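One structure is given below, encoded as C-alpha coordinates.
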Amino acid sequence: MNGGDEVGEAPPVPPQPLEWKFSQVFGERTAGEEVQEVDIISAIEFDRSGDHLATGDRGGRVVLFERTDTKDHGGSRRDLERMGYPISRHPEFRYKTEFQSHEPEFDYLKSLEIEEKINKIRWCQTTNGALFLLSTNDKTIKYWKVQEKKVKKISEMNVDPSKAIGNGSIASSSNSSIGKQYLANGGGKYDLPSNDFSIPPGGFPSLRLPVVVTSDETSLMASCRRVYAHAHDYHINSISNNSDGETFISADDLRINLWNLEISNQSFNIVDVKPANMEDLTEVITSAEFHPGHCNTLAYSSSKGSIRLIDLRQSALCDSHAKLFEETEAPGSRSFFTEIIASISDIKFARDGRHILSRDYMTLKLWDINMDSGPVATFQVHEHLRPKLCDLYENDSIFDKFECCLSGDGLRVATGSYSNLFRVFGCNLESTEATTLEASKNPMRRQVQTPSRPSRSLSSITRVVRRAGAEGPGVDPNGNSFDFSTKLLHLAWHPTENSIACAAANSLYMYYA
(Lines give C-alpha, C1' and ligand atoms only; values in the text may rest on other atoms or scores of the structure.)
Protein backbone atom coordinates (compact mmCIF):
# COMPACT_ATOMS: atom_id res chain seq x y z
CA MET A 1 0.00 0.00 0.00
CA ASN A 2 1.51 3.35 -1.02
CA GLY A 3 0.45 6.57 0.71
CA GLY A 4 -2.35 4.80 2.53
CA ASP A 5 -4.43 4.39 -0.63
CA GLU A 6 -6.88 1.52 -0.40
CA VAL A 7 -7.16 -0.74 -3.37
CA GLY A 8 -10.57 -2.37 -3.84
CA GLU A 9 -10.64 -6.07 -4.56
CA ALA A 10 -11.27 -6.70 -8.24
CA PRO A 11 -14.34 -8.82 -9.01
CA PRO A 12 -13.52 -12.34 -10.17
CA VAL A 13 -13.19 -12.59 -13.93
CA PRO A 14 -15.38 -15.37 -15.36
CA PRO A 15 -13.54 -17.90 -17.51
CA GLN A 16 -13.60 -17.18 -21.23
CA PRO A 17 -15.92 -19.33 -23.39
CA LEU A 18 -14.12 -22.34 -24.76
CA GLU A 19 -13.43 -22.73 -28.46
CA TRP A 20 -14.23 -26.33 -29.30
CA LYS A 21 -12.38 -28.23 -32.02
CA PHE A 22 -12.95 -31.58 -33.66
CA SER A 23 -10.61 -34.32 -32.47
CA GLN A 24 -11.67 -37.74 -33.73
CA VAL A 25 -14.56 -39.81 -34.96
CA PHE A 26 -15.02 -43.57 -34.76
CA GLY A 27 -17.61 -45.34 -36.91
CA GLU A 28 -18.31 -42.36 -39.15
CA ARG A 29 -21.20 -42.86 -41.53
CA THR A 30 -20.92 -42.17 -45.21
CA ALA A 31 -23.64 -40.08 -46.85
CA GLY A 32 -26.82 -42.12 -47.22
CA GLU A 33 -25.50 -45.09 -45.26
CA GLU A 34 -28.20 -46.87 -43.30
CA VAL A 35 -27.48 -47.36 -39.62
CA GLN A 36 -28.14 -50.81 -38.17
CA GLU A 37 -30.18 -50.73 -34.97
CA VAL A 38 -27.66 -52.94 -33.12
CA ASP A 39 -24.81 -50.50 -33.88
CA ILE A 40 -26.41 -47.46 -32.21
CA ILE A 41 -24.39 -46.36 -29.16
CA SER A 42 -26.40 -46.46 -25.92
CA ALA A 43 -23.78 -45.70 -23.22
CA ILE A 44 -20.49 -43.74 -22.88
CA GLU A 45 -18.15 -43.56 -19.90
CA PHE A 46 -14.59 -42.32 -19.22
CA ASP A 47 -12.63 -44.07 -16.50
CA ARG A 48 -11.38 -42.08 -13.49
CA SER A 49 -7.99 -41.30 -15.08
CA GLY A 50 -9.46 -40.36 -18.45
CA ASP A 51 -7.03 -42.69 -20.22
CA HIS A 52 -9.75 -45.17 -21.20
CA LEU A 53 -13.20 -44.74 -22.71
CA ALA A 54 -15.93 -47.36 -22.95
CA THR A 55 -19.03 -47.38 -25.14
CA GLY A 56 -21.94 -49.81 -25.16
CA ASP A 57 -24.41 -50.33 -27.98
CA ARG A 58 -27.85 -51.77 -28.59
CA GLY A 59 -26.29 -55.00 -29.82
CA GLY A 60 -24.94 -55.74 -26.33
CA ARG A 61 -21.31 -55.01 -27.22
CA VAL A 62 -18.82 -53.02 -25.17
CA VAL A 63 -16.01 -51.26 -27.07
CA LEU A 64 -12.94 -49.93 -25.26
CA PHE A 65 -10.66 -47.11 -26.42
CA GLU A 66 -7.35 -46.06 -24.89
CA ARG A 67 -5.55 -42.75 -24.97
CA THR A 68 -2.35 -42.62 -27.01
CA ASP A 69 -1.06 -39.02 -26.96
CA THR A 70 0.33 -39.25 -23.41
CA LYS A 71 1.36 -42.89 -23.48
CA ASP A 72 4.92 -42.27 -24.67
CA HIS A 73 5.84 -40.19 -21.63
CA GLY A 74 3.30 -41.38 -19.08
CA GLY A 75 1.31 -39.10 -16.81
CA SER A 76 -1.57 -36.79 -17.60
CA ARG A 77 -1.48 -34.09 -20.26
CA ARG A 78 -1.49 -31.37 -17.59
CA ASP A 79 1.48 -32.95 -15.77
CA LEU A 80 3.45 -33.22 -19.00
CA GLU A 81 2.83 -29.56 -19.80
CA ARG A 82 3.99 -28.63 -16.30
CA MET A 83 7.23 -30.60 -16.80
CA GLY A 84 7.91 -28.79 -20.06
CA TYR A 85 7.03 -31.50 -22.56
CA PRO A 86 5.81 -29.93 -25.82
CA ILE A 87 2.19 -31.08 -26.18
CA SER A 88 1.16 -29.97 -29.62
CA ARG A 89 -1.26 -32.74 -30.52
CA HIS A 90 -4.84 -32.83 -29.35
CA PRO A 91 -6.08 -35.70 -27.15
CA GLU A 92 -6.13 -38.90 -29.18
CA PHE A 93 -7.70 -42.27 -28.52
CA ARG A 94 -7.42 -45.52 -30.39
CA TYR A 95 -9.52 -48.65 -30.53
CA LYS A 96 -8.37 -51.11 -27.85
CA THR A 97 -10.74 -54.07 -27.88
CA GLU A 98 -14.39 -55.07 -27.82
CA PHE A 99 -16.43 -57.91 -26.41
CA GLN A 100 -20.00 -59.17 -26.35
CA SER A 101 -21.30 -58.22 -22.93
CA HIS A 102 -24.97 -59.24 -23.16
CA GLU A 103 -27.04 -61.53 -25.37
CA PRO A 104 -30.79 -61.34 -25.99
CA GLU A 105 -32.73 -63.42 -23.48
CA PHE A 106 -36.29 -64.52 -22.87
CA ASP A 107 -38.04 -64.57 -19.50
CA TYR A 108 -40.29 -67.60 -19.76
CA LEU A 109 -42.10 -66.90 -16.50
CA LYS A 110 -43.20 -63.47 -17.65
CA SER A 111 -43.20 -64.16 -21.41
CA LEU A 112 -40.92 -61.18 -21.80
CA GLU A 113 -38.08 -60.58 -24.22
CA ILE A 114 -34.98 -59.05 -22.61
CA GLU A 115 -33.01 -57.12 -25.20
CA GLU A 116 -29.22 -57.05 -25.18
CA LYS A 117 -28.94 -53.24 -25.26
CA ILE A 118 -26.35 -51.83 -22.83
CA ASN A 119 -28.06 -49.27 -20.57
CA LYS A 120 -25.08 -48.16 -18.47
CA ILE A 121 -21.34 -48.75 -18.13
CA ARG A 122 -19.32 -47.90 -15.02
CA TRP A 123 -15.56 -48.28 -14.57
CA CYS A 124 -14.22 -49.91 -11.41
CA GLN A 125 -10.81 -49.66 -9.78
CA THR A 126 -7.85 -50.86 -11.85
CA THR A 127 -5.79 -53.68 -10.33
CA ASN A 128 -2.43 -55.04 -11.52
CA GLY A 129 -2.81 -53.45 -14.92
CA ALA A 130 -6.19 -55.10 -15.54
CA LEU A 131 -9.28 -53.03 -16.33
CA PHE A 132 -12.56 -53.72 -14.52
CA LEU A 133 -16.00 -52.44 -15.45
CA LEU A 134 -19.69 -53.02 -14.83
CA SER A 135 -22.21 -53.17 -17.66
CA THR A 136 -25.95 -53.70 -17.52
CA ASN A 137 -28.93 -54.27 -19.77
CA ASP A 138 -32.54 -54.12 -18.55
CA LYS A 139 -32.20 -57.03 -16.11
CA THR A 140 -28.65 -58.33 -15.68
CA ILE A 141 -25.46 -56.63 -14.48
CA LYS A 142 -22.05 -58.09 -15.35
CA TYR A 143 -18.60 -57.46 -13.91
CA TRP A 144 -15.87 -57.64 -16.55
CA LYS A 145 -12.10 -57.94 -16.34
CA VAL A 146 -10.02 -56.94 -19.37
CA GLN A 147 -6.30 -57.71 -19.34
CA GLU A 148 -3.42 -58.54 -21.62
CA LYS A 149 -2.42 -62.18 -21.74
CA LYS A 150 0.56 -63.75 -23.45
CA VAL A 151 -0.33 -65.90 -26.45
CA LYS A 152 0.41 -69.60 -26.06
CA LYS A 153 1.50 -71.56 -29.12
CA ILE A 154 2.06 -75.22 -29.99
CA SER A 155 5.43 -76.15 -31.40
CA GLU A 156 7.89 -79.04 -31.77
CA MET A 157 5.81 -81.33 -33.98
CA ASN A 158 6.81 -83.62 -36.81
CA VAL A 159 3.77 -82.72 -38.85
CA ASP A 160 2.79 -79.26 -40.03
CA PRO A 161 -0.42 -78.67 -38.00
CA SER A 162 -1.86 -76.35 -40.64
CA LYS A 163 -2.49 -79.40 -42.82
CA ALA A 164 -5.45 -81.65 -42.24
CA ILE A 165 -4.70 -85.32 -41.70
CA GLY A 166 -7.27 -87.79 -42.88
CA ASN A 167 -10.67 -86.80 -41.60
CA GLY A 168 -9.35 -84.63 -38.77
CA SER A 169 -6.95 -81.83 -38.11
CA ILE A 170 -4.39 -80.88 -35.53
CA ALA A 171 -5.47 -77.92 -33.45
CA SER A 172 -3.06 -75.10 -32.83
CA SER A 173 -2.92 -71.36 -32.60
CA SER A 174 -3.44 -69.63 -35.93
CA ASN A 175 -0.44 -67.50 -35.06
CA SER A 176 1.78 -70.55 -34.61
CA SER A 177 4.89 -70.23 -36.71
CA ILE A 178 5.64 -73.86 -37.42
CA GLY A 179 6.90 -73.58 -40.92
CA LYS A 180 10.05 -75.66 -40.86
CA GLN A 181 9.87 -78.95 -39.07
CA TYR A 182 13.06 -80.93 -39.33
CA LEU A 183 13.92 -84.24 -37.75
CA ALA A 184 16.07 -84.24 -34.65
CA ASN A 185 18.99 -86.00 -36.35
CA GLY A 186 19.19 -83.43 -39.11
CA GLY A 187 17.26 -85.46 -41.64
CA GLY A 188 15.27 -83.89 -44.45
CA LYS A 189 11.86 -82.28 -44.14
CA TYR A 190 8.93 -84.50 -45.03
CA ASP A 191 6.29 -82.77 -47.14
CA LEU A 192 3.25 -84.78 -46.17
CA PRO A 193 0.11 -84.77 -48.30
CA SER A 194 -2.90 -83.46 -46.44
CA ASN A 195 -5.33 -86.25 -47.31
CA ASP A 196 -3.09 -89.29 -47.53
CA PHE A 197 -0.85 -89.57 -44.52
CA SER A 198 1.82 -92.26 -44.72
CA ILE A 199 4.78 -93.17 -42.56
CA PRO A 200 8.04 -92.20 -44.29
CA PRO A 201 10.39 -95.08 -45.25
CA GLY A 202 12.20 -96.25 -42.16
CA GLY A 203 9.74 -94.48 -39.89
CA PHE A 204 10.38 -91.36 -37.84
CA PRO A 205 13.84 -91.39 -36.26
CA SER A 206 12.39 -89.38 -33.39
CA LEU A 207 8.87 -88.39 -32.46
CA ARG A 208 8.25 -84.82 -31.39
CA LEU A 209 5.35 -84.42 -29.02
CA PRO A 210 3.41 -81.15 -29.10
CA VAL A 211 4.78 -78.59 -26.69
CA VAL A 212 2.87 -75.50 -25.52
CA VAL A 213 5.13 -72.46 -25.29
CA THR A 214 4.36 -68.90 -24.21
CA SER A 215 5.35 -66.34 -26.83
CA ASP A 216 6.19 -62.67 -26.40
CA GLU A 217 2.99 -61.68 -28.21
CA THR A 218 0.06 -60.49 -26.11
CA SER A 219 -3.65 -60.24 -26.75
CA LEU A 220 -6.46 -58.57 -24.79
CA MET A 221 -8.85 -60.96 -23.12
CA ALA A 222 -12.21 -60.00 -21.60
CA SER A 223 -13.59 -62.35 -18.96
CA CYS A 224 -16.85 -62.07 -17.05
CA ARG A 225 -16.03 -62.33 -13.35
CA ARG A 226 -19.53 -61.94 -11.85
CA VAL A 227 -23.14 -61.92 -13.01
CA TYR A 228 -25.65 -60.06 -10.82
CA ALA A 229 -29.06 -61.28 -11.95
CA HIS A 230 -32.69 -61.81 -10.82
CA ALA A 231 -32.77 -58.82 -8.45
CA HIS A 232 -34.94 -56.41 -10.47
CA ASP A 233 -38.57 -56.82 -11.53
CA TYR A 234 -38.42 -53.64 -13.60
CA HIS A 235 -35.91 -52.28 -16.08
CA ILE A 236 -32.56 -51.20 -14.64
CA ASN A 237 -31.93 -47.52 -15.42
CA SER A 238 -28.78 -46.86 -13.35
CA ILE A 239 -25.72 -48.44 -11.82
CA SER A 240 -23.18 -46.51 -9.74
CA ASN A 241 -19.92 -47.42 -7.99
CA ASN A 242 -19.33 -46.53 -4.39
CA SER A 243 -16.20 -44.62 -3.40
CA ASP A 244 -15.29 -47.50 -1.05
CA GLY A 245 -14.36 -49.58 -4.10
CA GLU A 246 -16.29 -52.56 -2.77
CA THR A 247 -19.98 -51.90 -3.37
CA PHE A 248 -22.30 -50.49 -6.02
CA ILE A 249 -25.99 -49.76 -6.47
CA SER A 250 -28.43 -50.68 -9.21
CA ALA A 251 -31.74 -48.89 -9.66
CA ASP A 252 -34.92 -49.72 -11.52
CA ASP A 253 -38.26 -47.87 -11.64
CA LEU A 254 -39.25 -48.74 -8.08
CA ARG A 255 -36.25 -50.09 -6.19
CA ILE A 256 -32.56 -49.46 -5.50
CA ASN A 257 -30.37 -52.41 -4.55
CA LEU A 258 -26.95 -52.40 -2.88
CA TRP A 259 -24.41 -55.01 -4.03
CA ASN A 260 -20.95 -56.14 -3.01
CA LEU A 261 -18.73 -56.62 -6.06
CA GLU A 262 -17.55 -60.00 -4.77
CA ILE A 263 -21.04 -61.38 -3.98
CA SER A 264 -23.33 -61.95 -6.95
CA ASN A 265 -26.10 -64.01 -5.37
CA GLN A 266 -27.20 -61.50 -2.75
CA SER A 267 -28.14 -57.83 -2.69
CA PHE A 268 -29.80 -55.52 -0.16
CA ASN A 269 -32.84 -53.49 -1.07
CA ILE A 270 -32.20 -49.98 0.31
CA VAL A 271 -34.97 -47.98 -1.42
CA ASP A 272 -38.44 -49.25 -2.28
CA VAL A 273 -41.06 -46.81 -3.53
CA LYS A 274 -43.55 -49.47 -4.65
CA PRO A 275 -46.96 -48.79 -3.05
CA ALA A 276 -49.09 -51.56 -1.61
CA ASN A 277 -51.60 -50.88 -4.38
CA MET A 278 -50.02 -50.15 -7.76
CA GLU A 279 -52.97 -47.88 -8.59
CA ASP A 280 -51.55 -45.48 -5.99
CA LEU A 281 -48.24 -45.20 -7.86
CA THR A 282 -47.49 -41.54 -8.61
CA GLU A 283 -43.77 -41.45 -9.36
CA VAL A 284 -40.89 -43.73 -10.31
CA ILE A 285 -37.12 -43.66 -9.88
CA THR A 286 -35.36 -42.40 -13.01
CA SER A 287 -31.68 -42.20 -12.05
CA ALA A 288 -29.40 -42.88 -9.06
CA GLU A 289 -25.78 -42.12 -8.23
CA PHE A 290 -23.39 -42.48 -5.30
CA HIS A 291 -21.63 -39.45 -3.84
CA PRO A 292 -18.05 -39.33 -5.24
CA GLY A 293 -16.45 -39.03 -1.80
CA HIS A 294 -18.91 -40.10 0.92
CA CYS A 295 -19.61 -43.83 0.77
CA ASN A 296 -22.75 -43.45 2.91
CA THR A 297 -24.48 -40.88 0.66
CA LEU A 298 -26.35 -41.31 -2.60
CA ALA A 299 -28.94 -39.40 -4.58
CA TYR A 300 -31.80 -40.53 -6.78
CA SER A 301 -34.19 -38.62 -9.01
CA SER A 302 -37.83 -39.18 -9.78
CA SER A 303 -40.32 -38.69 -12.57
CA LYS A 304 -41.86 -35.79 -10.62
CA GLY A 305 -38.70 -33.69 -10.97
CA SER A 306 -37.40 -34.15 -7.43
CA ILE A 307 -34.00 -35.34 -6.18
CA ARG A 308 -33.65 -37.16 -2.86
CA LEU A 309 -30.41 -37.39 -0.94
CA ILE A 310 -30.26 -40.40 1.35
CA ASP A 311 -27.84 -41.41 4.11
CA LEU A 312 -27.17 -45.13 4.49
CA ARG A 313 -26.26 -44.57 8.16
CA GLN A 314 -29.82 -43.58 9.07
CA SER A 315 -31.52 -46.92 8.51
CA ALA A 316 -31.25 -50.14 6.55
CA LEU A 317 -34.24 -49.23 4.38
CA CYS A 318 -33.80 -45.64 3.22
CA ASP A 319 -37.38 -44.84 2.18
CA SER A 320 -37.13 -41.60 4.14
CA HIS A 321 -34.72 -39.11 2.62
CA ALA A 322 -32.19 -36.89 4.35
CA LYS A 323 -32.80 -34.01 1.92
CA LEU A 324 -35.28 -33.26 -0.84
CA PHE A 325 -34.47 -31.00 -3.77
CA GLU A 326 -37.32 -29.78 -5.94
CA GLU A 327 -38.38 -26.57 -7.60
CA THR A 328 -41.72 -25.07 -6.69
CA GLU A 329 -44.15 -24.86 -9.56
CA ALA A 330 -44.98 -21.36 -10.79
CA PRO A 331 -48.67 -20.56 -10.15
CA GLY A 332 -50.84 -20.87 -13.24
CA SER A 333 -48.17 -22.67 -15.27
CA ARG A 334 -49.57 -26.19 -14.96
CA SER A 335 -50.60 -27.99 -18.15
CA PHE A 336 -51.10 -31.53 -19.44
CA PHE A 337 -47.36 -31.81 -20.15
CA THR A 338 -46.09 -30.37 -16.86
CA GLU A 339 -45.34 -33.69 -15.17
CA ILE A 340 -43.93 -35.28 -18.32
CA ILE A 341 -41.38 -32.56 -18.97
CA ALA A 342 -40.52 -32.29 -15.26
CA SER A 343 -39.31 -35.90 -15.17
CA ILE A 344 -35.54 -36.01 -14.56
CA SER A 345 -33.74 -38.26 -17.02
CA ASP A 346 -30.23 -38.07 -15.54
CA ILE A 347 -28.33 -36.79 -12.50
CA LYS A 348 -24.59 -36.41 -11.96
CA PHE A 349 -22.57 -35.38 -8.92
CA ALA A 350 -19.86 -32.80 -9.48
CA ARG A 351 -16.40 -34.16 -8.80
CA ASP A 352 -16.16 -32.23 -5.52
CA GLY A 353 -19.48 -33.73 -4.35
CA ARG A 354 -20.92 -30.30 -3.52
CA HIS A 355 -23.24 -29.94 -6.52
CA ILE A 356 -25.68 -32.16 -8.40
CA LEU A 357 -26.53 -31.61 -12.06
CA SER A 358 -29.94 -32.79 -13.26
CA ARG A 359 -31.49 -32.94 -16.73
CA ASP A 360 -35.19 -32.83 -17.45
CA TYR A 361 -36.72 -32.47 -20.89
CA MET A 362 -36.58 -28.69 -21.00
CA THR A 363 -33.67 -27.69 -18.78
CA LEU A 364 -30.43 -28.42 -17.00
CA LYS A 365 -30.45 -27.57 -13.29
CA LEU A 366 -27.49 -27.21 -10.95
CA TRP A 367 -28.20 -27.90 -7.26
CA ASP A 368 -26.12 -27.17 -4.17
CA ILE A 369 -26.54 -30.05 -1.70
CA ASN A 370 -26.36 -27.52 1.15
CA MET A 371 -29.30 -25.53 -0.25
CA ASP A 372 -32.56 -27.38 -0.81
CA SER A 373 -34.71 -24.29 -1.49
CA GLY A 374 -34.14 -24.53 -5.25
CA PRO A 375 -31.49 -24.87 -7.97
CA VAL A 376 -28.57 -22.42 -7.93
CA ALA A 377 -28.69 -22.23 -11.74
CA THR A 378 -31.10 -23.22 -14.49
CA PHE A 379 -30.01 -23.57 -18.12
CA GLN A 380 -32.75 -23.50 -20.75
CA VAL A 381 -32.11 -26.22 -23.34
CA HIS A 382 -35.45 -26.85 -25.07
CA GLU A 383 -37.52 -23.79 -24.16
CA HIS A 384 -37.98 -23.05 -27.86
CA LEU A 385 -39.77 -26.41 -28.21
CA ARG A 386 -42.52 -25.52 -25.73
CA PRO A 387 -45.00 -24.54 -28.52
CA LYS A 388 -44.42 -27.96 -30.12
CA LEU A 389 -45.05 -30.14 -27.06
CA CYS A 390 -48.23 -31.59 -28.62
CA ASP A 391 -46.28 -32.78 -31.66
CA LEU A 392 -43.47 -34.10 -29.47
CA TYR A 393 -46.03 -36.03 -27.41
CA GLU A 394 -47.59 -37.52 -30.54
CA ASN A 395 -44.27 -38.84 -31.86
CA ASP A 396 -43.03 -39.88 -28.36
CA SER A 397 -40.03 -37.54 -28.55
CA ILE A 398 -41.16 -35.92 -25.31
CA PHE A 399 -40.11 -39.13 -23.53
CA ASP A 400 -36.50 -39.02 -24.83
CA LYS A 401 -33.97 -39.35 -22.01
CA PHE A 402 -31.03 -36.97 -22.46
CA GLU A 403 -27.93 -37.41 -20.33
CA CYS A 404 -25.84 -34.62 -18.80
CA CYS A 405 -22.24 -34.18 -17.63
CA LEU A 406 -19.97 -31.76 -15.78
CA SER A 407 -16.37 -30.77 -16.43
CA GLY A 408 -13.80 -32.02 -13.95
CA ASP A 409 -13.26 -28.51 -12.56
CA GLY A 410 -17.02 -27.97 -12.20
CA LEU A 411 -16.97 -24.76 -14.26
CA ARG A 412 -19.07 -26.05 -17.17
CA VAL A 413 -21.94 -28.42 -17.89
CA ALA A 414 -23.09 -30.10 -21.10
CA THR A 415 -26.08 -31.99 -22.46
CA GLY A 416 -27.47 -33.18 -25.79
CA SER A 417 -30.35 -32.11 -27.98
CA TYR A 418 -31.93 -32.85 -31.35
CA SER A 419 -30.33 -32.61 -34.82
CA ASN A 420 -27.20 -34.16 -33.22
CA LEU A 421 -26.56 -30.93 -31.32
CA PHE A 422 -25.16 -30.56 -27.83
CA ARG A 423 -24.91 -27.55 -25.52
CA VAL A 424 -22.13 -26.37 -23.24
CA PHE A 425 -22.90 -23.81 -20.50
CA GLY A 426 -20.66 -21.94 -18.08
CA CYS A 427 -21.62 -22.34 -14.40
CA ASN A 428 -20.15 -19.14 -12.96
CA LEU A 429 -22.74 -16.55 -12.02
CA GLU A 430 -21.00 -13.94 -14.21
CA SER A 431 -20.52 -16.33 -17.14
CA THR A 432 -22.47 -15.88 -20.35
CA GLU A 433 -21.02 -18.99 -21.98
CA ALA A 434 -23.71 -20.96 -23.80
CA THR A 435 -22.37 -22.75 -26.87
CA THR A 436 -24.30 -24.93 -29.30
CA LEU A 437 -22.22 -27.52 -31.16
CA GLU A 438 -23.01 -30.16 -33.74
CA ALA A 439 -21.71 -33.72 -33.60
CA SER A 440 -19.81 -33.56 -36.89
CA LYS A 441 -16.30 -32.83 -38.11
CA ASN A 442 -17.21 -29.15 -38.08
CA PRO A 443 -18.77 -28.67 -34.63
CA MET A 444 -19.12 -24.90 -35.01
CA ARG A 445 -21.08 -25.20 -38.25
CA ARG A 446 -24.35 -24.37 -36.49
CA GLN A 447 -22.92 -21.25 -34.87
CA VAL A 448 -24.07 -17.82 -36.07
CA GLN A 449 -21.36 -15.26 -36.76
CA THR A 450 -21.68 -12.30 -34.40
CA PRO A 451 -23.57 -9.58 -36.33
CA SER A 452 -23.05 -5.85 -35.92
CA ARG A 453 -26.41 -5.40 -34.21
CA PRO A 454 -27.21 -7.16 -30.89
CA SER A 455 -27.80 -10.86 -31.43
CA ARG A 456 -30.28 -13.18 -29.74
CA SER A 457 -28.10 -16.26 -30.12
CA LEU A 458 -27.29 -18.27 -27.02
CA SER A 459 -23.75 -16.93 -26.70
CA SER A 460 -24.86 -13.34 -26.20
CA ILE A 461 -27.70 -13.66 -23.69
CA THR A 462 -26.68 -12.43 -20.26
CA ARG A 463 -27.39 -14.81 -17.41
CA VAL A 464 -28.01 -13.96 -13.81
CA VAL A 465 -29.56 -17.14 -12.47
CA ARG A 466 -31.31 -18.39 -15.58
CA ARG A 467 -29.69 -18.72 -18.99
CA ALA A 468 -32.34 -18.67 -21.68
CA GLY A 469 -32.30 -20.56 -24.93
CA ALA A 470 -33.52 -19.48 -28.33
CA GLU A 471 -37.12 -18.79 -29.20
CA GLY A 472 -39.32 -19.79 -32.08
CA PRO A 473 -40.91 -23.20 -32.61
CA GLY A 474 -39.12 -25.91 -34.54
CA VAL A 475 -35.80 -24.12 -34.85
CA ASP A 476 -32.57 -24.40 -32.91
CA PRO A 477 -30.83 -21.37 -31.36
CA ASN A 478 -29.37 -20.39 -34.71
CA GLY A 479 -32.52 -20.59 -36.76
CA ASN A 480 -32.00 -24.09 -38.20
CA SER A 481 -34.95 -26.43 -38.33
CA PHE A 482 -34.87 -29.37 -35.90
CA ASP A 483 -34.62 -33.01 -36.90
CA PHE A 484 -36.27 -35.03 -34.13
CA SER A 485 -35.10 -38.34 -35.59
CA THR A 486 -31.44 -37.50 -34.89
CA LYS A 487 -30.88 -36.99 -31.19
CA LEU A 488 -27.73 -36.81 -29.12
CA LEU A 489 -28.66 -38.64 -25.92
CA HIS A 490 -25.29 -39.81 -24.60
CA LEU A 491 -22.16 -37.81 -23.85
CA ALA A 492 -19.31 -37.78 -21.32
CA TRP A 493 -16.79 -35.16 -20.17
CA HIS A 494 -13.15 -36.12 -19.63
CA PRO A 495 -12.46 -36.09 -15.84
CA THR A 496 -9.41 -33.79 -15.97
CA GLU A 497 -9.47 -31.97 -19.33
CA ASN A 498 -11.86 -30.05 -21.53
CA SER A 499 -12.62 -32.95 -23.83
CA ILE A 500 -16.08 -34.33 -24.64
CA ALA A 501 -17.09 -37.64 -26.19
CA CYS A 502 -20.61 -37.88 -27.61
CA ALA A 503 -22.62 -40.41 -29.56
CA ALA A 504 -24.57 -39.64 -32.72
CA ALA A 505 -26.31 -42.90 -33.71
CA ASN A 506 -23.45 -45.38 -34.34
CA SER A 507 -20.69 -42.73 -34.49
CA LEU A 508 -18.49 -41.64 -31.58
CA TYR A 509 -17.32 -38.02 -31.89
CA MET A 510 -14.64 -36.47 -29.72
CA TYR A 511 -13.92 -32.76 -29.22
CA TYR A 512 -11.39 -30.74 -27.25
CA ALA A 513 -10.92 -27.11 -26.23
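General observations
- From the list T338, T328, the lone residue that is of a type outside the set (D, E, K, R), touching a residue at least 40 places away in the same chain (Cβ under 8 Å) and on the phi < 0 side of the Ramachandran plot is T328.
- Members of the range 100-142 that are part of a loop (DSSP other than H, G, I, E, B), among the β-branched types (V, I, T) and over 15 Å from the mean Cα position of the chain (by Cα): T126, T140
- Subset of the range 250-268 that is small (G, A, S) and open to solvent by 10 Å² or more (accessible area, probe 1.4 Å) - its residue that is nearest to L133 (Cα to Cα): S264
- Qualifying residues in the range 208-249 (those that are aliphatic (A, V, I, L, M) and farther than 27 Å from L64 by Cα) - the one surrounded by the most Cβ atoms within 10 Å (Cβ to Cβ): A231
- Selection count, the range 295-325, where residues are crowded, with 18+ Cβ neighbours inside 10 Å and assigned to a loop (DSSP other than H, G, I, E, B): 4
- Flag if E28 is open to solvent by less than 50 Å² (accessible area, probe 1.4 Å), modelled with pLDDT of 60 or more and in contact with a strand residue (DSSP E or B) (Cβ under 7 Å, 6 or more places away or on another chain): no
- Condition check for G59: part of a loop (DSSP other than H, G, I, E, B), modelled with pLDDT of 75 or more and touching a helix residue (DSSP H, G or I) at 6+ places or on another chain (Cβ under 7 Å): yes
- Residue ID - nearest to E103 (Cα to Cα), chosen from residues in the range 206-258 that are in a strand (DSSP E or B), of a type in the set (S, T, Y) and more than 22 Å from the chain's Cα centre (by Cα): S219
- Against the numbered list (1) within 27 Å of Y511 (Cα to Cα); (2) touching a residue at least 60 places away in the same chain (Cβ under 8 Å); (3) crowded, with 20+ Cβ neighbours inside 10 Å, S345 comes up short only at (2).
- Residues satisfying the criterion are absent from the range 143-150 (criterion: over 30 Å from I236 (Cα atoms), modelled with pLDDT under 90 and outside any strand (DSSP E or B)).
The values are calculated or read from the model by the stated rules, or taken from the named source; none is laboratory data. From a predicted model like this one, the values you see are computed outputs, not experimental measurements. We place every Cβ from the backbone using ideal geometry, glycine too, and count neighbours over all the protein chains shown. For accessibility, only protein heavy atoms count, side chains too; no ligands or nucleic acids. Shrake-Rupley method; radii C 1.70, N 1.55, O 1.52, S 1.80 Å.
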